[in-house]
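Where a number appears in this text, it was derived from the coordinates with a stated rule and is not lab data. Since the structure is predicted, the reported quantities are computational estimates derived from the model, not experimental observations. Counting neighbours? That spans all protein chains shown, and the Cβs are built from the backbone with ideal geometry, glycine included.
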């Protein structure tokens with residue numbers, strides 16, 4: 001089989017290569033998936049560049065996939081599946097390859113409403129959103145929620161899950177989310193963090209109270225602004241920090257408002273844990289309540305350098321996906 005490989009960290013041109021490898025034989029309680037499509041995530045990019053922790057080399061990268069089970073338990077052979085994991089691509093070989101071996105509980109049945117390409121684009125963004133918004137923050141109907149980095153992969157997934165749970169959404173981007181984006185996702189209020197005072201706009205939208213929950217997909221300079229936008233007993237989810245990793249805030253204001261900040265890292269979830277989440281989301285994708293990310297580019301493995309560069313430099317406005325022979 002053909003697989004994308006790297007045996008050291010560095011620039012894409014220097015370390016990425018496509019190798020011919022033997023197809024692994026699944027062991028007891030494992031399945032062999034013929035990969036139809038696999039997306040490229042920022043964490044995949046940062047992995048190659050040596051910015052992620054715990055990666056063992058040599059390795060095949062790639063967290064998210066969709067394909068068909070071709071070996072394993074007899075009852076699973078031929079089933080179309082999708083999956084993700086914080087282990088594959090880091091401590092186990094990942095999905096940027098024609099075949100992938102994972103635990104049989106590490107795959108979920110693919111929603112019939114999604115193509116292979118669409119299904120492969122869902123994993124990391126929605127798993128992170130679900131882990132933070134639903135499992136950690138326990139979002140409730142009618143709560144006011146602020147999402148920073150709203151037009152990114154995780155941000156747009158958070159918005160959809162929040163609306164799915166009947167919450168009110170304030171979407172924040174450096175550039176104000178456009179009218180099409182607002183209509184597409186049913187956003188209640190859109191804010192530009194570059195040209196508007198985010199704190200006052202959030203307070204205005206919430207009748208002076210502030211937001212019940214903020215899902216901060218930016219961190220860094222947005223961190224304190226988010227805290228100041230929270231209501232009494234508000235809670236904040238953080239998943240990253242752009243620019244400076246260190247932040248400062250008014251500790252007295254923090255405890256007077258009895259705020260809670262939680263960090264969420266989807267890399268802590270292996271394929272089995274991710275499959276459980278994808279199984280929860282599948283019905284909402286099948287009935288059209290949830291939508292996959294927009295697809296910006298599709299590539300073959302031989303175009304790996306270009307695909308990784310698109311994600312690294314931010315020129316892909318949507319998901320970048322590898323296509324394999326069985327994609328449709």
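Taking 219, 54, 210 as the candidate residues, the one with maximal mean-square fluctuation in a Gaussian network model of the chain, Cα springs under 10 Å, is 54. FRET efficiency for the residue 188 to residue 289 pair, using the beta carbon distance and R₀ = 25 Å, is estimated at 0.90. Comparing 47, 238, 313 in a Gaussian network model of the chain where C-alpha atoms under 10 Å apart are linked, the largest mean-square fluctuation is found at 313. The relative contact order of the chain, computed from alpha carbon pairs under 8 Å that lie at least 6 residues apart in sequence, is 21 percent. Determine which residues of segment 140-169 fall in the zone a paramagnetic label at residue 260 would reach in this model, i.e. backbone nitrogen under 14 Å from the point 7 Å along Cα→Cβ. Within reach of a label on residue 260, which here means backbone N under 14 Å from a point 7 Å along Cα→Cβ, segment 140-169 contributes 140.
Of 183, 59, 51, the residue with the greatest mean-square motion in the GNM of the chain, using alpha carbon springs below 10 Å, is 183. Note: relative contact order over segment 129-265, using C-alpha pairs below 8 Å and six or more positions apart, is 22 percent.
Cβ neighbours within 10 Å, averaged per peptide: list 33-40, 255-262, 171-178 in order, most packed at the top. Mind showing how you got there, number by number?
Working: 33-40: 27.5, 255-262: 13.9, 171-178: 19.6.
Result, highest mean first: 33-40, 171-178, 255-262.
For the pair residue 164 and residue 248, label points projected 7 Å from Cα toward Cβ lie 4.0 nm apart. With the simple spin-label model, which puts each label point 7 Å out from Cα in the Cβ direction, the residue 232 to residue 279 separation comes to 4.2 nm. Mean silhouette area of the chain, derived from the convex hull of its C-alpha atoms and averaged over all directions, reads 16.1 nm².
Can you give me the Cα centroid spacing of segment 179-213 and segment 93-168 in angstrom? Here the answer is 22 Å between Cα centres. Relative to the longest principal axis of the Cα atoms of the chain, the long axis of helix 271-286 lies at roughly 70 degrees.
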